[in-house]
Structures are given as structure tokens and as C-alpha cells.
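Just below is one structure, and these are the notes that go with it.
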Amino acid sequence: TAADPFAQQLAADARTSATDFTDDQAWEVALGALSAPDGADAPAFALRTGLGGRVGLLSLVPMWIIERRPVYLAAGYVSPPAITRFAPAYMQLEAQLTPAISARTDVWVIDSHTLGVAFTLKNSASAPVDLALQLVGFAVANNRELKVKPLAGGTANGTGGGAVLTFGQIGRSFPLVLLENSALDDGQHITTNLTLKARGSASLRLVFAAESSLSDSLASARRALSTTWNSPLRRIARLNQAVPAVETGDPALDTVIAFSYQQTLQAFLKPTAFLPHPSPVGARHPGEGYSVRGNGADMPRSWSGQSAHLAYLTALAVAPLDKALAQGVIRNFIAVQRGDGWIDAKPGLGGGSMGVLCPPILARLAWQIGQITRDDAFLAEVFPPLLRFFARWLERDHDADGDGFPEWTSEAQMGYPFFPTFAQGLPFGQNASVRAVESPDLAAYLLSEAISLRALAQRLKLDSYTDTLDQHIDRLRGLLAELWSDADGRYHYRDRDTHLTQAGRVLLSDGRGDQDQVLALELPAPARVIITVRGGAERPPRLTLVIEGRDHNGKPVLEQLQTSDFVWSTGRGVYTTQAAFTALDRVRAEGLIAAYRIDVRTLDTTDFDLNGVLPLWSGDVAPKGAVAPAHARTLIDHVTNAAHFWRANGVIMASAASPHHDPQNPVGSMGVWLFYNTLI
């Protein structure tokens with residue numbers, strides 16, 4: 001009911017119908033409450049869409065006329081509409097209009113451009129009843145109500161003929177509603193009159209369609225009404241039998257879980273010319289799904305591709321329900337693989353990409369899908385390209401110091417851009433370059449990939465690969481062990497070149513931008529330096545900045561930077577030096593006025609975030625896996641300690657002991673992220 005948790009959004013199911021990546025029209029089912037202080041006049045039942053973002057709101061409200069009494073508010077029903085069944089693209093509602101008349105409503109998103117609604121009425125009385133359904137349409141865009149009117153010329157003749165309500169041209173679409181066996185009414189309404197026989201029943205349907213021309217919309221609506229819907233609705237019910245009914249003892253939680261399955265399955269869109277298998281998007285709801293450009297390039301970030309982190313969660317969730325969808329996620333990544341093994345981190349249905357190497361998580365995902373689906377043919381298909389992908393991560397362009405320990409090249413690969421050590425562009429972050437450190441999470445990912453690939457090779461009896469993979473496992477386990485600190489029982493970041501983990505140190509604070517800053521500082525240990533330029537408006541200044549000193553080998557070093565070398569956010573630019581300095585002699589800027597300020601500090605690799613415990617995830621406890629038993633116990637103590645990570649709603653992203661801790665999260669890295677909670 002309106003008082004319960006439920007997911008309102010309905011979108012076309014890629015398994016059963018056509019979807020359109022550049023024009024996906026999702027809907028929501030709105031239920032009005034019996035008592036709502038701020039919405040007492042809200043209809044008991046309404047269907048709403050934003051046409052993918054074309055309009056602020058387009059709504060359809062059914063109003064029943066019974067003995068001249070309009071019934072559309074919740075208080076007007078004997079029992080207002082309640083959801084009784086649901087599946088991807090489908091929702092069934094039941095209501096009691098009068099003590100004698102019950103109403104069932106089946107809502108079905110037929111495809112990305114078409115919505116179907118079927119009403120079934122039953123009369124339990126011993127006398128016939130006359131009633132009418134009046135359909136009310138409303139639309140608003142740019143804070144202006146759009147004109148809604150019946151189609152000129154009357155009805156749509158032919159099978160399923162009836163009156164048509166039009167909304168004019170909206171973007172490149174011409175939305176309309178065709179109500180079965182209806183007649184024109186005044187204003188924004190069309191009406192169907194019904195007689196319910198004594199102890200009899202009757203049904204009627206409506207179709208909403210929004211195509212690129214009025215004639216196409218009308219043809220689509222008439223086509224949908226030209227056949228019965230029994231067969232596709234039975235198929236929806238049959239597919240939904242695979243979804244488990246989870247009972248926890250908490251009905252609200254059970255509902256949340258059930259609708260989560262619905263939304264996850266509903267997240268997939270059909271293949272395009274760019275990806276050969278269905279792919280999930282981050283959110284299908286009424287306000288997203290329409291590309292003004294028509295090619296998807298202007299779609300929001302949640303639509304721009306299947307990111308590895310979201311794909312990991314989604315594929316594991318759907319694998320027990322539909323193995324083709326889960327396997328298709330892996331196959332889409334492989335479909336964009338280059339000859340050297342490189343796979344993009346976010347391939348998209350519109351041809352978009354992130355332009356960075358995918359995090360090494362695909363072999364683990366494939367292995368877990370394989371364990372759920374028991375499909376060795378799939379594992380044999382994906383093993384060779386996933387092995388090449390793993391090898392690609394070990395190439396020299398991801399290992400700047402050549403020590404065999406790769407580095408991230410982008411925060412986007414980490415999946416979380418707000419770790420306090422990095423958090424570029426955010427005031428609470430150190431703003432260090434992720435390329436400057438060797439990180440325990442990447443070591444954990446790579447180790448997990450090697451362990452998963454070895455498991456795949458064993459499963460497929462590919463014995464020739466196991467020795468090489470064992471060598472990778474031993475080497476990566478050793479690299480991960482180098483990041484362990486007995487002093488505080490966790491893994492640390494370390495500087496890429498010096499391999500030191502040390503606290504940061506302020507070398508200059510609030511230096512004037514128009515003056516040479518002669519520091520003449522000897523550092524106790526080689527340290528990379530972070531330069532911050534503050535001031536000015538949103539547009540970065542044109543500047544040249546020179547840093548002079550001696551590197552970790554004692555050799556003179558000079559780094560000369562331009563505006564484009566900094567990472568800029570509003571009024572601030574940050575740069576992490578290429579060199580680790582043992583002495584910092586001078587910082588000199590050209591092109592800055594006195595209003596600008598310069599801060600200089602050394603890189604701090606000691607902050608405690610979730611990556612310090614993430615190796616728990618990478619494999620079994622040693623000797624077969626990643627983490628020594630004693631280390632695992634210590635890490636689990638950290639995870640389950642409220643002084644660090646443990647919260648009632650999950651594990652937070654940085655230790656509560658961190659100086660960046662903020663329980664309300666706006667200026668700190670305290671959020672609960674499902675991907676990382678899944679790994680832990």
C-alpha cells in the first residue's frame with residue numbers, strides 16, 4: 001500500500017521486449033495515501049513519466065464515475081489500490097470501488113515507447129451496475145502546463161478503436177493515449193461507459209505511445225490493442241518464478257529485497273551496435289533515458305556504460321535468475337578488448353568509454369558466475385581473454401618504477417573518488433595523485449584475479465597454466481605483504497618510488513603567489529611534494545610554477561609546471577610532484593598576483609581507509625590465499641570496531657579515527673558504499 005516501502009519505477013524488460021537506449025521511457029506507479037497532510041488531494045492511483053527527461057511530469061489518472069459520483073481519491077474507495085503482484089516491467093493493483101465492485105489494474109511497459117494498462121472489473125451484486133472510466137491527462141514542462149486535448153477527427157477506428165488524448169509534440173515525440181471503446185469528452189478527458197452485469201465482469205485497456213510522429217504513435221497504440229495480452233503477461237509471470245521469495249521476519253525488509261530483484265533485472269537494456277549483449281544502466285526512472293542528441297553521448301553518468309564496480313554487483317545478483325544476462329556482462333567487456341588485452345573500464349551501449357584500463361576484477365566475477373551457473377562452456381570461452389587482460393595489468397605502462405607492483409592510473413579505476421589520501425578537487429582530501437602510490441587495494445585485486453584464473457584453469461583442466469599462475473600468486477602475495485604494518489595491524493599505501501610510508505608534513509602555508517618561496521629545507525626522508533594554488537575565480541590562472549631541490553638519489557631536480565599540469569576545482573589547483581625530494585630549495589610561480597596563495601606539503605601515506613583492510617577479500621587465508629591467519633583476525637577486528645569502520649548500516653569508507661572523519665559525510669569520506677560492503 002501507499003504506507004509500505006515499494007519501488008515505483010517500471011521500465012521495459014530487455015528479456016521480453018524492445019528497449020531503446022537513446023529514448024527509454026520509464027514510468028512510475030504513484031499511490032495516494034488515505035491521510036496525507038501535504039497531499040490530501042493526490043489521486044489514489046496515477047501513472048507518471050518524464051518521457052526520459054523531456055518533460056517535468058506527464059501523468060495519467062483514471063477516474064471512475066459510479067452513480068454520478070467520481071472516485072479517484074483514496075478516501076473515495078472502499079479499499080484504495082494496493083500492489084498485489086509485480087515483476088520487471090509489470091505491476092498489478094487491486095482495489096474495491098464499492099462494496100460490490102472490485103477493480104484489478106495490470107500495468108505493463110510493453111516497450112521503451114509504449115505503456116499498456118488493463119482494467120478488470122467484477123460486480124458481486126445481483127443487479128447490473130452502470131459506470132464510466134474517465135481518463136485525465138496532465139503534462140508540464142519548464143514550469144508550464146502543456147495543452148492536452150482529444151485527437152481532432154474523433155476516434156481511432158479499427159480493432160481497439162476509441163478516443164485518443166494527445167499531448168502535442170514533445171521533443172522528437174508525439175505522445176498520445178488510446179482508450180478502448182471510448183468517446184470524446186470535453187477538455188482533457190476521454191471516457192468509456194460500461195455496464196457490469198449482475199455477478200458479471202468486464203475489462204478495458206488503454207495504451208500510451210510516444211513515437212517520432214503522430215501517425216507512428218497512433219499505429220503503435222492500435223497495434224498494441226490488436227492482440228490479447230495474455231501470452232506476454234504469462235511469460236512475465238513465468239520468468240518471475242526464478243526470483244526467490246526471501247523471508248527475513250521483517251515484512252518491510254522482505255519488500256525491499258523483492259523490489260530490489262525487480263529493479264536489478266529491470267536495469268538491463270538490449271544490445272546495440274556497440275555492445276553485443278544486454279547491459280545494465282545505473283538507474284531507469286522517468287526523468288532519464290532520452291538523448292537530445294540522439295546518439296547517447298549526452299546521457300547522464302549512470303547511463304554512460306557498465307562500470308566494472310556496478311557490473312560486479314549486478315551480474316552476481318542476476319546470475320541465479322538469468323545466466324544469459326550475467327554472462328553477457330562479462331562478454332560485453334571482452335567484446336571491447338584490444339589485441340594487447342586492454343579492456344575499457346566502462347564500455348557503453350552508446351559507444352562511450354572511460355578511457356582507462358578496467359579494474360582487475362573480471363576473472364573473479366567470471367569465476368563466481370561460473371560457480372552459480374555451472375556452465376563450463378562459458379568459462380572455457382572467457383578464460384583466454386581474461387588471462388590476456390590480467391597480463392595487460394602487469395605491463396610496464398602501469399608500473400612506473402618497474403618493480404613489478406602496478407599503480408592505478410586514475411581514481412575512476414578505484415571506484416570511489418573520495419578516499420582522503422586522494423579525493424582530488426575536494427576540500428577534505430589530500431588531493432594526491434593516485435599514480436604516485438602503490439596501493440593495497442590494487443594488490444588485492446590482482447591477487448584475487450590470479451587466484452580466480454588458477455581456479456578456472458583447474459576447473460577446465462588446463463594444467464599448463466597453473467604453474468605460471470602459482471608464480472603470479474606467490475609474487476603478488478609477497479608484494480601485498482610488503483604493505484603490511486605490524487605496528488598498527490593493517491595494510492598501508494606507500495610512495496611509488498621510495499616505497500616509504502610516512503606522515504605528511506607542512507612545508508609552506510599561505511605563501512604569496514607573487515613571491516618566490518625560498519624554503520631551503522632538508523627532509524628527514526625522501527618525500528613527494530603536493531603543491532596547492534588557491535585563489536581567483538572559477539577560471540584557472542595562466543601560470544608557470546617551478547620547483548627546485550634534490551631528489552631521493554641526491555641529484556638536483558627541477559620540475560616546471562603549466563596550468564594544465566594541475567588538477568583544478570573551483571578556486572584551487574593541485575599538483576603532485578614526479579620526484580621524491582630529499583631537499584626542497586625553492587617554489588617560484590610566474591603569472592600569479594598577491595591574491596593567490598601557495599601551500600606546500602609532503603605526501604601522507606598513513607591515513608586509514610577501507611583499502612587498509614580490503615585484502616581480506618582477495619582470497620582464502622594463507623597459505624593458499626592472500627592473508628596470514630593472524631593478520632586476518634586483526635583486520636576483522638578493525639572492520640568490526642565502531643572506532644574504525646563498523647556501523648549499523650554497513651562498513652564506512654574511512655576509519656572513524658581518521659582526521660577526515662565526519663559522521664554526516666559532507667566534508668569527509670564516511671559513506672556506506674554497497675560495492676565495498678559486498679567485498680568486505
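Hey, can you tell me all the residues within the stretch 291-315 that are in a loop (DSSP other than H, G, I, E, B), open to solvent by 30 Å² or more (accessible area, probe 1.4 Å) and not polar (S, T, N, Q)?
Answer for the stretch 291-315, where residues must be in a loop (DSSP other than H, G, I, E, B), open to solvent by 30 Å² or more (accessible area, probe 1.4 Å) and not polar (S, T, N, Q): VAL292, ARG293, GLY294, ALA297, ASP298, PRO300.
So LEU447 fits all but one of (1) open to solvent by less than 10 Å² (accessible area, probe 1.4 Å); (2) in a helix (DSSP H, G or I); (3) more than 30 Å from ASN641 (Cα to Cα); (4) in contact (Cβ under 8 Å) with a residue 60 or more places away in the chain; what number is the exception?
Among (1) open to solvent by less than 10 Å² (accessible area, probe 1.4 Å); (2) in a helix (DSSP H, G or I); (3) more than 30 Å from ASN641 (Cα to Cα); (4) in contact (Cβ under 8 Å) with a residue 60 or more places away in the chain, the lone unmet condition for LEU447 is (3).
Can you tell me how many residues in the stretch 353-375 are more than 15 Å from LEU453 (Cβ to Cβ) and surrounded by fewer than 19 Cβ atoms within 10 Å (Cβ to Cβ)?
Of the residues in that region, 8 qualify.
Restricting to the stretch 166-225, what's the tally of residues that are part of a strand (DSSP E or B) and of a type in the set (Asp, Glu)?
Final tally of qualifying residues: 1.
So, LEU214, is that one open to solvent by 40 Å² or more (accessible area, probe 1.4 Å), hydrophobic (A, V, I, L, M, F, W, C) and under 35 Å from the mean Cα position of the chain (by Cα) or not?
Spelling it out, LEU214 is indeed open to solvent by 40 Å² or more (accessible area, probe 1.4 Å), hydrophobic (A, V, I, L, M, F, W, C) and under 35 Å from the mean Cα position of the chain (by Cα).
Can you pull out every residue in the stretch 381-411 that is in a helix (DSSP H, G or I) and either open to solvent by 10 Å² or more (accessible area, probe 1.4 Å) or not hydrophobic (A, V, I, L, M, F, W, C) (or both)?
GLU381, PRO384, PRO385, LEU387, ARG388, ALA391, ARG392, ARG396, ASP397, HIS398, GLU411, listed by residue number.
For the stretch 576-621, which residues satisfy the criterion of being outside any loop (DSSP other than H, G, I, E, B), in contact (Cβ under 8 Å) with a residue 60 or more places away in the chain and open to solvent by 20 Å² or more (accessible area, probe 1.4 Å)?
THR582, ASP585, ARG586, ARG588, ARG597, ASP599, ARG601, LEU616
For (1) polar (S, T, N, Q); (2) open to solvent by 20 Å² or more (accessible area, probe 1.4 Å), each residue gets a yes or a no:
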| residue | (1), (2) |
| --- | --- |
| THR1 | yes, yes |
| SER17 | yes, no |
| ASP24 | no, no |
| PHE45 | no, no |
| SER59 | yes, no |
| ARG69 | no, yes |
| LEU73 | no, yes |
| GLU94 | no, yes |
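When you go through ALA139, ALA125 one by one, which is the residue that is modelled with pLDDT of 90 or more and assigned to a loop (DSSP other than H, G, I, E, B)?
Step by step, each of ALA139, ALA125 is checked, and only ALA125 is modelled with pLDDT of 90 or more and assigned to a loop (DSSP other than H, G, I, E, B).
Among the residues that make up the stretch 240-254, is at least one of them open to solvent by less than 40 Å² (accessible area, probe 1.4 Å), under 30 Å from ASP322 (Cβ atoms) and of a type in the set (Gly, Ala, Ser)?
Checked against the condition, which is being open to solvent by less than 40 Å² (accessible area, probe 1.4 Å), under 30 Å from ASP322 (Cβ atoms) and of a type in the set (Gly, Ala, Ser), the stretch 240-254 yields no hits at all.
Restricting the search to the stretch 504-543, which residues are open to solvent by less than 20 Å² (accessible area, probe 1.4 Å) and of a type in the set (D, E, K, R)?
Listed by number, the list holds a single entry, ARG528.
Looking at the stretch 389-406 only, could you name the residues that are at positive phi and hydrophobic (A, V, I, L, M, F, W, C)?
Result: no residue meets the conditions.
Might you let me know whether the stretch 340-352 holds any residue that is open to solvent by 50 Å² or more (accessible area, probe 1.4 Å) and either polar (S, T, N, Q) or closer than 18 Å to HIS277 by Cα (or both)?
No; the residues of the stretch 340-352 include none that is open to solvent by 50 Å² or more (accessible area, probe 1.4 Å) and either polar (S, T, N, Q) or closer than 18 Å to HIS277 by Cα (or both).
If only one of THR544, THR577 is out of contact with any His (no Cβ under 8 Å at 6 or more places or on another chain) and either among the acidic types (Asp, Glu) or over 28 Å from HIS492 (Cα atoms) (or both), which one is it?
THR544
Considering only residues of the stretch 150-165 that are assigned to a strand (DSSP E or B) and loosely packed, with under 15 Cβ neighbours inside 10 Å, which is modelled with the lowest pLDDT?
Ranking the candidates gives GLY154 first.
Among the listed residues LEU523, LEU592, LEU603, LEU508, which satisfies the condition of being within 20 Å of PRO427 (Cβ to Cβ) and either among the aromatic types (Phe, Trp, Tyr) or over 39 Å from the mean Cα position of the chain (by Cα) (or both)?
After applying the criteria, what remains is LEU508.
Please enumerate the residues belonging to the stretch 4-30 that are within 14 Å of TYR290 (Cα to Cα) and among the hydroxyl-bearing types (Ser, Thr, Tyr).
Scanning the stretch 4-30 gives THR19, THR22.
What is the number of the single condition among (1) in contact with a Lys or Arg (Cβ under 9 Å, 6 or more places away or on another chain); (2) under 26 Å from ILE330 (Cβ atoms); (3) crowded, with 18+ Cβ neighbours inside 10 Å that GLU288 does not meet?
(1)
Return the pair list, or none, for Cβ contacts closer than 7 Å from residues in the stretch 258-287 that are free of Cβ contacts under 8 Å to residues at least 40 places away in the same chain and of a type outside the set (A, V, I, L, M, F, W, C) to residues that are outside any loop (DSSP other than H, G, I, E, B) and open to solvent by 30 Å² or more (accessible area, probe 1.4 Å), at least 6 apart or on different chains.
Final answer for the pair search is GLY282/SER302; GLY282/LEU310.
Tell me which of these ARG477 doesn't satisfy, since it passes every other one: (1) buried (at least 22 other Cβ atoms within 10 Å of the Cβ); (2) at pLDDT 95 or above.
The one condition ARG477 does not meet is (2).
Tell me, which residue of the stretch 316-339 that is surrounded by fewer than 23 Cβ atoms within 10 Å (Cβ to Cβ) and within 17 Å of the chain's Cα centre (by Cα) is nearest to PRO244 (Cα to Cα)?
ALA317
State which residue pairs qualify: first residue over 23 Å from ALA87 (Cβ atoms) and touching a residue at least 24 places away in the same chain (Cβ under 8 Å) and inside the stretch 211-237, second residue surrounded by fewer than 16 Cβ atoms within 10 Å (Cβ to Cβ) and β-branched (Val, Ile, Thr) in any location, beta carbons under 8 Å apart, and separation of 6 or more residues or different chains.
Within 8 Å, the pairs are ARG222/THR159; SER226/THR159.
Kindly indicate whether GLU548 is open to solvent by 30 Å² or more (accessible area, probe 1.4 Å), of a type outside the set (Gly, Ala, Ser) and under 19 Å from ARG505 (Cβ atoms).
For GLU548, the condition - open to solvent by 30 Å² or more (accessible area, probe 1.4 Å), of a type outside the set (Gly, Ala, Ser) and under 19 Å from ARG505 (Cβ atoms) - is met.
Which of the residues spanning the stretch 429-444 are part of a helix (DSSP H, G or I) and among the acidic types (Asp, Glu)?
ASP441
The values are calculated or read from the model by the stated rules, or taken from the named source; none is laboratory data. Model, not experiment: these values are computed from the prediction. Note: ideal-geometry Cβ built from the backbone for every residue, glycine included; neighbour counts use all protein chains shown. In case anyone asks, the SASA skips ligands and DNA or RNA and just uses the protein heavy atoms, side chains included. Shrake-Rupley method; radii C 1.70, N 1.55, O 1.52, S 1.80 Å.
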